[in-house]
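Right, one structure below, let's go through it.
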Amino acid sequence: MMLKAVVFDLDGVITDTAHLHFLAWRAVAKEVGITFDEAFNEQLKGISRMDSLQRILRYGGKEGAFNDKQCLALAGKKNDLYVRSLASLTQDSLLPGIHDLLVAIRGANVRIGLASVSLNAPGILQALGIHNAFDFCADASRIVCSKPDPEIFLAACAGLNVRPEEAIGIEDAAAGIEAINAAGMLSVGIGAGLVHAGLQLHSTRELNWQCLTDFWASRSVLIRN
Ligand code: BG6
Ligand code: MG
């Protein structure tokens with residue numbers, strides 16, 4: 001089977017915004033008396049804004065302590081802080097290897113998709129100057145189920161007009177790897193602890209077109225046998 005598409009997560013794969021999400025949530029959580037560290041933050045990666053808030057409140061023993069209006073206000077405050085921190089993003093903020101990889105995928109005539117549940121994704125792609133690099137970006141505002149549900153990866157494959165089995169997904173979150181696997185795509189994990197990824201890499205420095213094609217070829221052999 002030919003590899004027809006590569007679908008990227010955004011935060012933590014294309015650029016280092018995963019850390020900015022953490023800083024903004026940590027500040028808002030502190031205001032309501034909840035503290036958490038980067039280890040707990042791993043559980044927020046790939047999770048939508050409102051679901052993240054619920055996880056933080058549950059973690060801090062404050063589940064149900066705020067009504068819907070107050071929850072919206074807390075999520076809005078986090079987003080304001082986060083968006084303010086995005087002002088530092090420039091075309092130099094791509095993680096190592098991502099620019100060359102996008103060029104190589106395009107050169108190989110393989111389609112490129114985005115599967116980010118972030119409502120800020122379009123603005124971030126603009127700031128990074130890579131909005132034209134994608135053949136299709138799944139619309140986060142239309143996604144009902146957050147990762148680990150496969151919905152957003154299936155939406156990306158549908159928009160790219162490829163079958164999930166013909167595509168690779170790249171993620172930095174455990175929930176994202178589960179979503180890719182559940183969609184029936186091959187998964188590449190960036191970072192520690194992504195034990196369910198088909199291919200595990202320490203950082204995007206190790207991510208290049210050669211390693212993706214080698215991975216694809218090795219898995220195709222396994223499937224044939
Ligand atoms: C994901 C991040 O990409 O987007 C999560 O990994 C974040 O941490 C989610 O909560 C939603 O982002 P936003 O920008 O819509 O609040
Ligand atoms: Mg991510």
Could you tell me the ratio Rg/Rh of the chain? Both radii from Cα atoms, Rh via Kirkwood.
0.98
When the Kirkwood radius is taken over all Cα pairs of segment 1-71, what Stokes-Einstein diffusion coefficient follows at 25 °C and 0.890 mPa s, in µm²/s?
180 µm²/s
Trypsin sites (Lys or Arg not before Pro) lying in DSSP loop within segment 43-147, provided at most 16 other Cβ fall within 10 Å
Lys62
If one computes the Cα centroid of segment 116-131 and of segment 1-74, what distance in Å separates the two points?
17 Å
Can you give the local net charge around Leu94? Use residues other than it whose beta-carbon is closer than 11 angstrom to its beta-carbon, Lys and Arg +1, Asp and Glu -1.
-3
Over the Cα atoms of segment 120-211, what Rg and Dmax result, in angstrom?
13.2, 35
Nearest-5 percent of antiparallel DSSP beta bridges in the chain?
5 percent
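Each value in this text was obtained by applying a stated rule to the coordinates, not by laboratory testing. All values reported here derive from a predicted model rather than from experimental measurement. As a convention, Cβ positions derive from the backbone with ideal geometry for all residues, glycine included, and neighbour counts pool all protein chains shown.
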